[in-house]
Amino acid sequence: MVLKVFFPTCCTSAESGLLVGRWVPEQSSAVVLAVVHFPFIPIQVKELLARVQQAGRVGLAVLGTWCHCRLQEPEEGLGRFLEGLGAIFTHEPWLQLCRERGGSVWSCKALGWPMSPGAPSPAPVMLIFYDQRHVLLSQLHTPATLPDPQAGDAPPSVGGLAAVFDTVARSELLFRSDRFHEGPVQLSHWQSEGIEASILVELAKQASGPTCLMLSFLLSLLSAVGACRLFRLWPLPFICSKLSTCEQARHRLGHLTFLFSPRKAESPVQLMRKVNVFFSLLLDVALGLALLAWLRAENCIGQLADALVPVADCVAEELQHLLQWLMGAPAGLKMNRALDQVLGRFFLYHIHLWISYIHLMSPFVEGILWHVGLSACLGLTVALSLLSDIIALLTFHIYCFYVYGARLYCLKIHGLSSLWRLFRGKKWNVLRQRVDSCSYDLDQLFIGTLLFTILVFLLPTIALYYLVFTLLRLLVVAVQGSLHLLIDLINSLPLYSVGLRLCRPYRLAAGVKFRVLDHEAGKPLRLLMQINPLSYSRVVCTYRLPSCGCRPRLSWSALCRKLFFGELIYPWRQKAGKQD
Amino acid sequence: MEDERVFSDICGGRLALQRRHYSPSCREFCLSCPRLSLRSLTAVTCSVWLAAYALFTLFENSVILSAAIFITLLGLLGYLHFVKIDQETLLIIDSLGIQLTSSYASGKESTTFIEMGKVKDIIINEAIYMQKVIYYLCILLKDPLEPHGISQVVPVFQNAKPRLDCLIEVYRSCQEILAHRKATSTSP
Amino acid sequence: MACRTEAEPSRRPLDALACTSTEECPTAPTGSHSVCMVSDFFYPNMGGVESHIYQLSQCLIERGHKVIIITHAYGNRKGVRYLTNGLKVYYLPLKVMYNQSTATTLFHSLPLLRYIFVRERISIIHAHSSFSAMAHDALFHGKTMGLQTVFTDHSLFGFADVSSVLTNKLLTVSLCDTNHIICVSYTSKENTVLRAALNPEIVSVIPNAVDPTDFTPDPRQRKKDMVTIVVISRLVYRKGTDLLCGIIPELCLKYPDLNFIIGGEGPKRIILEEVRERYQLHDRVRLLGALEHKDVRNVLVQGHIFLNTSLTEAFCMAIVEAASCGLQVVSTRVGGIPEVLPESLIILCEPSVKSLCQGLEKAIAQLKSGELPTPEKIHGVVKTFYTWRNVAERTEKVYDRVIGEAVLSIDQRLDRLMSHCGSVTGCIFALLAVFNILFLIFLRWITPDSLIDVAVDASGPLSSWPLPQCSPRDKMNPHSNEDSET
């Protein structure tokens, strides 16, 4: 098997010394973490390694020697000295890595490899350079085969390249000491920069604890108020479950409690989620404030209130026309006159009721709208869901029409289908959920046929009413649906993760990629290992926040089926509740 | 060590296969399609603009013309960035893994690296594609739960779709490396 | 990939190494054919046609021919699969219309079929079953491409109702330029010749067969104190499920020690369930549902009497299988059934409830009096009747004859269509044939034959498939492949 040496790019220009790292026997790879410079005292090196080992639970060792020959210095003595070091730090295999002639030529020897004595010539060695900083900071996203996202905090027995990532992440302590630190052992490895800014970070860390405590106390108070008995009285929970504003407010409250919970985030995934929630809240409120400012500046609310009542009137007027048209001979269809008149009058009366209701409301509209506008400072999503609720309330008559039409139509379709079965001498067996054959009496057959005929002839009239009102209803549902889509988008967009992917692509790693560096015959193969960033679609998929609505998603075919059989389409939850 | 040979894809187009042998344990195969030809680009642009001009004479609305320009530009950008793949590379490194890279005409590269531990084998398989039955090279991945099972089939050179002779060439080389892996992994 | 399917053990990766340079592949030695079996019906669908195609293909492969099978996709099973001994099956992604038969537009299947015929270097197209639209399409396209065609008819048809008139017309068109037709019984031959207005000279009779080693008797499985009647068929109208519904209550009333075991699935299952519920026969009538082919024998050996209620049948494999398991067979006297078994092994009745009941009562009486021969004896007799090797040998003779015939040129073909199929239909189909030829020319222009990779043979004289004695796992290993190549 080929021996692989993972070597950090930041150490390529380091002085000669010892290689410190971890040996992964299953992969037959050596992960070099740092270079120890001369002079050192062997016992201190061993102490340092033991300390890091204890902190990170990772088996570190001195893997070999590193020789960096600048220019054409004859370094015969050094070479022999380095060979001698192998006797002090025993390790199998013992690596001898050498960079010669101004850095263009690399050579690597592995003593005591391959392990089995019977093997022929020394096995080939492969040098793989990696960027220590990127590997340390990146979070490896294992491919989608692992369903559990919590698998990110790798268990000790990780295979393959994950082992390299794991090793680097666990020996973080080794990188703490910086360049100017006067320690007993001089190391060369990646150095973090920006010590100054970390004061601010420390301050923020100190302050965050009490802030979180206070805010979470306030939030718990709020939720305690929400949970009090008064709100458990009958109509309130029902209304709350129907209003999308309440849903959205509850959702946001959940976000806030999650954000300010005093517990520390355990895994990087959870931490990322917290930050994402924070940014999504921030964006939401910022957008809401912008909307509020715009509304105030343009005096839109007044205009809106003035326009609302005429618009509602106008809609009612149009509906009346539509009904009148239906009561005549719509599109030249000849309908059952009596039924047509009854239905038309019924709906007309409804519209009349509705108009008087709107006129009763008209003095208060501006005040209501004004308060709705204020709610935008809680976030754009709240304002949008309020808007959706208002639309729902203003088009309540359309909803009613739809429900009446659908119920009638549904009744008709079911009646027709069961009479059709009777016609063929079959019946629906409820116990076994299947169609059985059955012999009917003559009377039964006669009555059934009679009813079937009546239903068939009345079907077109009802179907037309149903069709028209369903189309109206679908229009309203489409408007509301697009509003909800917008809300969901703001609610669930992982802003921070996307930003991180944009600015620091290496932080979210999907894997690695290799590039072959120029190769000379007889020398070890050199590869450059780079982080392969996660694609945007996967970032969004992985870190998407759960959206608030638990609305079941209907497929198009299911929707069409429901429409055809006259089942109610939009407030599905209502139906589920009835079945319970 | 590098050489280049010319093959054809299943529709008769020209494909160039570059083979680079970096070392006995590391080989690279690079299939490049012909670049976007000026002729087809001109043809498509002209046809879109002519259609837009015809609509313009019909409706006398200049928005159509500007829309046509935008559509052409955006379409070209989208085509170069998301659709047109110029080069597909298979890099196989013994005991490390297999890397598949496809470079788009705009310079975007998408890379997948499969660790050798997950690779079960590389094979040539047959599939029904559109109205054709074609051969394709694919990598079989091991199922982590079941040692002899296959969890996934990763097709290689999915865009170029070379013919069988080219696939056999690549297949042989890959099998040499895989055979080496098997020989060493069983000997100790 | 449009149709990449999940890999599974049955799908064997191809050893490309075995065929080094496809251009230099020598042509197959004379006497060996490249046969393509086309039918809508193949495994995993179960039935007589399916097992006929499979067994025939296996025996032909054994005799050194190259055989591939083309059928339509079954659920998730699409793409290319390999079965035992390198039998290659193409599951084409075509839409299924009715009763597992694909929709026919006469044209949409041409690109794929042509691609396969070219890449597999097919010389003979062997289509099966007149219910299969794909088989007719393949005959039509095969003639367009100038290949030899053979057709096997597995079923009987009426002449009276509208649907059979239409189907018979289509069959006439489809078979008018087919080189040879094979029927499974003399009744079937008569029927086909009349329906398709054929020259009887080009129609051969090759009966079906069963694998006698799969259907061995095992009397220990029978219940001693009971009489068990086994019915195994699809539960559809053609198989006479309605007759069965009449028989069950009548006989169960008469004989308290009578049991029924019914295997199979179909739309008529519900009426059987109703009968069972109405007469409270849950403990005496067992409905097993769909059976796998390997389970059929285990069901058969549990019974004493096998009942077949088919209303029409060209060659009933089920009764041969049952007789091979040593059961007394009671069957309706329809179609080719009287030819299948000698009088001593079968009780024939008219297709009515009364007659079938009488037949069954006779069988029960014989059983109780011990007049029936032992199962081993019946097996010994039946074993020699029908074997697949024999079928394959006779089919091979048909191929040998067909391969020597001249392919009709285009104008001859059009002439034949117009003269043979009536003026209106003939003209329409001649026009369609012209369109088909134009379409083929267009396809040849889009993808010339030279661009189609010749497939690596998995069966036949140039087979790369490992010999049967090697275990397949060895051959998966690329090492051994390289060895075998050098």
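No value in this document is a laboratory result; all are computed from the given coordinates. If you're wondering where the values come from, they're calculated on a predicted model, not measured in any experiment. Please note: Cβ atoms are built from the backbone with ideal geometry, for glycine as well, and neighbour counts cover all protein chains shown.
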Quickly work out the A:L568-to-A:C246 label distance, labels modelled 7 Å from Cα along the C-beta direction, and quote it in nm with one decimal. 1.6 nm
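What is the range B:38-82 by shape, rounded, prolate or oblate, if you read a ≥ b ≥ c off the alpha carbon gyration tensor as root eigenvalues and call it rounded for a/c under 1.5, prolate for a/b larger than b/c, and oblate otherwise?
Numbers: a/c = 4.27, a/b = 1.75, b/c = 2.43.
Verdict is oblate for the range B:38-82.
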Report, in whole Å, the centroid distance computed from the Cα atoms of the range C:246-314 and the range A:464-487. 54 Å
Around A:A34, which amide H atoms from residues at least 5 apart in sequence, or from another chain, sit under 5 Å from its own amide H, with H modelled in the peptide plane? A:V20
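I need the shape label for the range C:219-382. Rule: rounded when a/c is under 1.5, else prolate if a/b > b/c, else oblate, with a, b, c from the alpha carbon gyration tensor.
Note, shape of the range C:219-382 comes out rounded.
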Which lysines, on any chain, are close to A:K562 with Cα under 28 Å apart, when same-chain ones fewer than 8 places away are left out? A:K242, A:K334, A:K412, A:K426, A:K427, A:K575, A:K578, C:K95
In whole percent, what relative contact order does the range C:253-325 give with Cα contacts below 8 Å and a gap of six or more residues? 32 percent
Starting from the amide H of B:D121, placed 1.01 Å from N in the peptide plane, find each other amide H under 5 Å away whose residue is 5 or more places distant or on another chain. B:L140
Among all stretches of chain B without exposed trypsin sites (Lys or Arg not before Pro) (DSSP loop, at most 13 other Cβ atoms within 10 Å), which one is longest? B:109-188
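Do any trypsin sites (Lys or Arg not before Pro) in the range C:239-342 lie in a loop, going by DSSP, with at most 15 other beta-carbon atoms within 10 Å of their beta carbon, and if so which?
Here the trypsin sites (Lys or Arg not before Pro) that fit, given the DSSP loop and packing criteria, are C:R333.
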To the nearest Å, what is the center-to-center distance of the range C:86-114 and the range A:1-67, using C-alpha atoms only? 63 Å
If the limit is 24 Å between Cα atoms, which of B:K84/B:K132; A:K513/B:K108; B:K108/B:K142 go over it? B:K108/B:K142
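Longest segment of chain C with no chymotrypsin sites (Phe, Trp or Tyr not before Pro) in a DSSP loop having at most 15 other Cβ atoms within 10 Å? Intermediate results must be reported in sequence, preceding the final value.
Numbers: sites that count: C:F107, C:F159, C:Y279.
Counting only loop sites that pass the neighbour cut-off, the longest clear stretch is C:280-486.
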Run the paramagnetic zone check for A:M214: 7 angstrom along Cα to Cβ, then residues of the range A:250-281 with backbone nitrogen under 16 Å. A:260-262
Of A:S220, A:L174, A:L442, whose Cα points farthest to the positive end of the dipole of the protein assembly as shown (charges on the beta-carbon: +1 Lys, Arg; -1 Asp, Glu; origin at the Cα centre)? A:L442
Choose one of A:L333, B:C46, A:Q270: the residue whose Cα lies farthest towards the positive end of the charge dipole of the protein assembly as shown (beta-carbon charges +1 Lys, Arg; -1 Asp, Glu; about the Cα centre). A:L333
Taking R0 as 56 Å, what's the FRET efficiency between B:R172 and C:V434 from their Cβ-Cβ distance, rounded to 0.05? 0.75
Taking the dipole about the Cα centre of the protein assembly as shown, with the C-beta of Lys and Arg at +1 and of Asp and Glu at -1, give me whichever of C:S57, A:A463, C:L327 is farthest to the positive side. A:A463
In nanometres, what is the gap between the two model label sites at A:H371 and A:V456, each 7 Å from Cα along Cα-to-Cβ? 5.7 nm
Based on DSSP, what percent of beta bridges with both residues in the protein assembly as shown are antiparallel, to the nearest 5? 60 percent
Student exercise: in the range C:219-382, how many lysine pairs 8 or more apart or on different chains have Cα atoms under 24 Å apart? 23
Simple SL model, points at 7 angstrom along Cα→Cβ for B:F56 and A:L111; separation in nm is 8.0 nm
³J(HN,Hα), Karplus 6.51/-1.76/1.60, whole Hz, each residue of the range A:249-256, x for Gly, Pro: 4, 5, 4, 5, 4, x, 4, 5
Electrostatic dipole magnitude of chain C [Cβ: Lys, Arg +1; Asp, Glu -1; Cα centre; debye, to 20]: 800 debye
Say R0 is 30 Å: what FRET efficiency, to the nearest 0.05, do C:D449 and A:W556 get from their beta-carbon distance? 0.10
In whole Å, what is the distance between the alpha-carbon centres of the range A:265-296 and the range C:319-369? 81 Å
State whether the range A:352-407 is rounded, prolate or oblate according to the following rule on the C-alpha gyration tensor (a ≥ b ≥ c being the square roots of its eigenvalues): a/c under 1.5 gives rounded; otherwise a/b larger than b/c gives prolate, and the remaining case gives oblate. oblate
Taking the Cα atoms of the protein assembly as shown, report the difference between the largest and smallest coordinate on each principal axis, in whole Å and largest first. 109, 97, 79
Dipole magnitude of the protein assembly as shown, debye to nearest 20 (Cβ charges: Lys/Arg +1, Asp/Glu -1, about Cα centre): 2340 debye
Please list the non-local residues whose amide H lies under 5 Å from the amide H of C:S204, H modeled 1.01 Å from N, same-chain partners needing a gap of 5 or more. C:I181, C:I182, C:C183
